[in-house]
Each structure stands twice: as structure tokens, then as C-alpha cells.
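Undergrad: Below is a structure I'd like to ask you about.
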Amino acid sequence: MLAAYRPLLRVPGAPAFIAGGALARVGGAMFGVSIIVMVSARRDSFSLAGAMTAVGVLVLAAAGPVLGRLVDRHGQRRIVLPFAIWSTACGLATVVLSWIGAPSWTLFLTYGLSAILPEMGPLSRARWAHVFGAEPDTLHTAMSFEQVMDEASFVLGPVLGIVLSTVWFPEAGLLVAYVLYLIGMVFFVGARATEPPVVPHHDRPDGYAVARPGMFVVAAVLTMVGVIFGSNEVVAVAVSKEAGQQSFSSVILALFALGSTIAGIAFGAKVFRISLSHRLRYAALGMFLLEAPALFVTDLRGLAVVMLVAGCATAPMLITAMSLSQQLVPPALVTEGMAVAVTGILIGISTGAAAGGWVVEHLGPHQAYAVPVAAGLIAVVLSSAFFRRILRAERAEVAESELALD
């Protein structure tokens, strides 16, 4: 199974950008849960913690396609490094303001500004799309490898963030998160050999990636996936705290990501002959069915097992959706296109975190699992209702790509 991934490591310069991306991903995976633990500890409010997370993610969602478009126009190195430094500076300001007990609105401001940052996922996937654009099976493996890296970071990141924030001091998780993110980004942009070339202005297609046929529907499905992620994160912390074992939330979240990591490794080694549109619909159904048991299991250890199994549907969904996003846009818009997909996830995470926090405080922690389950059901409805539209768009772009190669 692992032999399928060997060609990726043979690409000149790939190990360097993979290593940098891994560090940046771990830092990024710590942001959300570190803010939740920090704010709930310092301000004693899950609603405030959820709202602050929501603001950060919404800013990130708005900035993603804009930064993606800038990267496509000017190159990764010229755009990524300045914004990574900006983000880290604003993030460290958030840490200081929390430490000194500054008014909550100042934390909203600095944390929101810190979210104007380049997302590692689209940047790294754009490199693989450049390297393996003419080899669809190898590109599928590369996209799967990217998702495994994402999920592995979410196994380690939340655990590290929660442990640092509970064992040291509430701001420790966020502090380390920004340091890791900046170091990783510096190493990533330093790996020039695999950086995609900038498409000349006169060769760039008109319009925006989100307006390409099928892209909006894929982003909408991913919004529901994001709701699952955001609400799961808040609810895991809340149910663990109610049980008097707040640190156990890191186990629940890590097992969810571990299930996805294992599934992603297996998924990437498999060669598929059905369309990405078909796979999107099946993956949405899997996410809904595997998340639903969380409504009925109240024991923390039992819940951890449920989330391990539920996580197994995550990687296939994200691998498929990100591959489809890359497929639905021309090469000159690939970073922007995948940033649009990530924006859908981020809007969902923001909505899910806010909704999950509200339900926790008004209906109870465990009842809040209704939020991710409902989101999974909506994802099934969307991917089924617009299936033919996505399939037509996918086939049209494949035909256009084949014509360009000929």
C-alpha cells in the first residue's frame, strides 16, 4: 500500500517542501482548539470562545481566495512570506492581550487580523498539480498524501495545543502554534524547485474560480463538512469539561483525525475508475452515517471510539472534493480554486463552532452533536441534488484538458 507513495518522495525538492508544510500544518491545526481553551479558561465562556473562533475563521475564509489569486498571479514566495509574518505578529499580539487581561474586543481584533494568512493546503496541492498534472493516478495519490498530512497534523496539533494550554498556561498553545506556523512557512517557500510557475497575464482566463461551473456546489458541500469539524471541536471540549476530564477532548479529536489518516492512506493507494462526482456523493453519505451514532453514545470512551470510526469518512471526502476543485478550474486558477474549496470548509467551521457553542450553553453539551449530524445530512442532499451539474462540469474540464494536451 505504501509503495504507491514512493514516487512523491522522488520528486526533486519535494522532501523540503513536505517538511516545511508539516510544521506549518501542525501550527495551523493548533489555532482553533487553542483559542477555545484559552478563552474559555480566561473568560469562562464557551459562547465567547466559539464566537472568537468564528471571527477568525470567517476572516480566513474571506482572505483565502484573494490570497490564492495573488499567489497565482505573482508566485508563492512573493506573497506567502510577507503574509505569514503579518499573521504571526498579530497572533502574538493576541497572546499578549489575553495574558494581560485586555478587553475581549481587542482579542477579536488581533485574532481576526492574524487570520489573514496563506493556507498550506492549497499551496502544497498546487505544487503537486504542477508536478503531476498529466498523470491523474499519481496526482490522486499526491492529493491523498496531502490529506494524510492534514489529518496527521490534526492528530498531533489539538493534543499539543490542549496539553500546552492546560499544563503550562492558557496562552501557551496559541503561542507555540504561531511559532511553528511561521517556521514551517519559511522552510516551505524556501523550496523553490517545486514552486508552480506564474502563468503570463495574457494567457490567464477571465473571471474568478468560484464562477467556474460546479465550483459553488462543491464549496457548499464542503461548508457542511466544515460545520461538522467546527462543531465537533467545540462539543468535544464541552462534553469532556462537563465530565470533569477536559483534557480528554484532545483524545476525542485526535482519534477523529487518526481515523481519517488511516482511511486517507488506504484511499490514496487505490485507483478509482468512477468519476470524482460519484465519489463526492458516496463520501457525503459516509460522513453522515458514521457521525450519527455520536447522538446516542454518552460515555467519553465510547464517544472516542465513535469518533474514530466517524473520522474514516473524512479523508475520502476531502481528497475527493479537493481533487474535484482542482479539476474544475484551469491550471492558471488552481491555487485560487482550491482556496475557494477551503473557504467553504472554513465558513462551515466558523458556523459550526458558533452553532455548537450556542447549543452547548442552551441545550447541553451532548445534545450539540445534533449540529454535525444535521450538517452531514445536508451534505448528502446537496451532493445528490446537484450531482448531474457537477458531473457535467467535471467532464467538460477533463475534455478541455485533454484537448490542450493534444
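The values are calculated or read from the model by the stated rules, or taken from the named source; none is laboratory data. These numbers come from a predicted model, not from an experiment. We place every Cβ from the backbone using ideal geometry, glycine too, and count neighbours over all the protein chains shown.
Undergrad: Among Arg42, Arg77, which is the only one that is farther than 29 Å from Gln245 by Cβ and more than 18 Å from the chain's Cα centre (by Cα)?
TA: Answer to the check: Arg77.
Undergrad: Ok, one more. Enumerate the pairs (first residue in the range 67-92 and closer than 15 Å to Tyr178 by Cβ; second residue anywhere and part of a helix (DSSP H, G or I) and among the polar types (S, T, N, Q)) with beta-carbon separation below 7 Å, excluding pairs fewer than 6 apart on the same chain, so at least 6 apart or on different chains.
TA: Filtered contacts from the range 67-92: Ser87/Ser114; Cys90/Thr110; Cys90/Ser114; Gly91/Ser114.
Undergrad: Another question about this same structure. Can you name the number of the only condition in (1) among the hydrophobic types (A, V, I, L, M, F, W, C); (2) under 21 Å from Ser153 (Cα atoms); (3) surrounded by fewer than 24 Cβ atoms within 10 Å (Cβ to Cβ) that Ala63 fails?
TA: Of everything listed in (1) among the hydrophobic types (A, V, I, L, M, F, W, C); (2) under 21 Å from Ser153 (Cα atoms); (3) surrounded by fewer than 24 Cβ atoms within 10 Å (Cβ to Cβ), Ala63 misses just condition (2).
Undergrad: Can you name the residue in the range 279-310 that is more than 24 Å from Met143 (Cβ to Cβ), in contact with a Leu (Cβ under 9 Å, 6 or more places away or on another chain) and of a type in the set (Val, Ile, Thr) and, of all such residues, is surrounded by the most Cβ atoms within 10 Å (Cβ to Cβ)?
TA: Across the range 279-310, the extreme among qualifying residues is Val306.
Undergrad: Which ones in the range 227-276 are of a type in the set (Lys, Arg) and closer than 16 Å to Ala304 by Cα?
TA: Lys241
Undergrad: Within the range 134-182, track down each residue that is of a type in the set (Asp, Glu), within 21 Å of Val11 (Cβ to Cβ) and either part of a helix (DSSP H, G or I) or touching a Leu at 6+ places or on another chain (Cβ under 6 Å) (or both).
TA: Result: Asp137, Glu146, Asp150.
Undergrad: Looking only at the range 5-56, which residues are on the phi > 0 side of the Ramachandran plot and in contact (Cβ under 8 Å) with a residue 12 or more places away in the chain?
TA: Matches in the range 5-56: Gly13 only.
Undergrad: On to the next question. Just name the residue that is farthest from Arg10 (Cα to Cα) out of those in the range 83-133 that are among the β-branched types (Val, Ile, Thr) and part of a helix (DSSP H, G or I).
TA: Restricting to residues being among the β-branched types (Val, Ile, Thr) and part of a helix (DSSP H, G or I), the top hit is Thr106.
Undergrad: Please verify whether Val297 is β-branched (Val, Ile, Thr), modelled with pLDDT of 85 or more and at negative phi, treating the condition exactly as stated.
TA: Yes; evaluated as a whole, the condition is true for this residue.
Undergrad: With the range 305-406 as the region, which helices (runs of 4 or more DSSP H) entirely inside it contain at least 2 residues that are under 20 Å from Ala62 (Cα atoms)?
TA: 314-327, 334-362
Undergrad: Inspect all residues belonging to the range 218-236 and state whether any of them is at pLDDT below 90 and either farther than 28 Å from Met143 by Cβ or touching a Lys or Arg at 6+ places or on another chain (Cβ under 6 Å) (or both).
TA: Looking for residues that are at pLDDT below 90 and either farther than 28 Å from Met143 by Cβ or touching a Lys or Arg at 6+ places or on another chain (Cβ under 6 Å) (or both), one finds at least one in the range 218-236, hence yes.
Undergrad: Another question about this same structure. Which residues, counting only those in the range 211-257, are part of a helix (DSSP H, G or I) and either touching a Cys at 6+ places or on another chain (Cβ under 9 Å) or among the polar types (S, T, N, Q) (or both)?
TA: Thr223, Ser231, Asn232, Ser240, Ser249, Ser250 - these are the residues of the range 211-257 that are part of a helix (DSSP H, G or I) and either touching a Cys at 6+ places or on another chain (Cβ under 9 Å) or among the polar types (S, T, N, Q) (or both).
Undergrad: Is there a residue being surrounded by fewer than 24 Cβ atoms within 10 Å (Cβ to Cβ), of a type outside the set (Phe, Trp, Tyr) and over 26 Å from Phe267 (Cβ atoms) anywhere in the range 311-327?
TA: No, the range 311-327 contains no residue that is surrounded by fewer than 24 Cβ atoms within 10 Å (Cβ to Cβ), of a type outside the set (Phe, Trp, Tyr) and over 26 Å from Phe267 (Cβ atoms).
Undergrad: If you don't mind, another one. Out of the residues in the range 96-111 that are modelled with pLDDT under 90 and among the aliphatic types (A, V, I, L, M), which is farthest from Ala49 (Cα to Cα)?
TA: Within the range 96-111, the match that is farthest from Ala49 (Cα to Cα) is Ile100.
Undergrad: Which residue out of Leu113, Leu48 is of a type outside the set (Ser, Thr, Tyr) and in contact with a Cys (Cβ under 8 Å, 6 or more places away or on another chain)?
TA: Every option except Leu113 fails the conditions.
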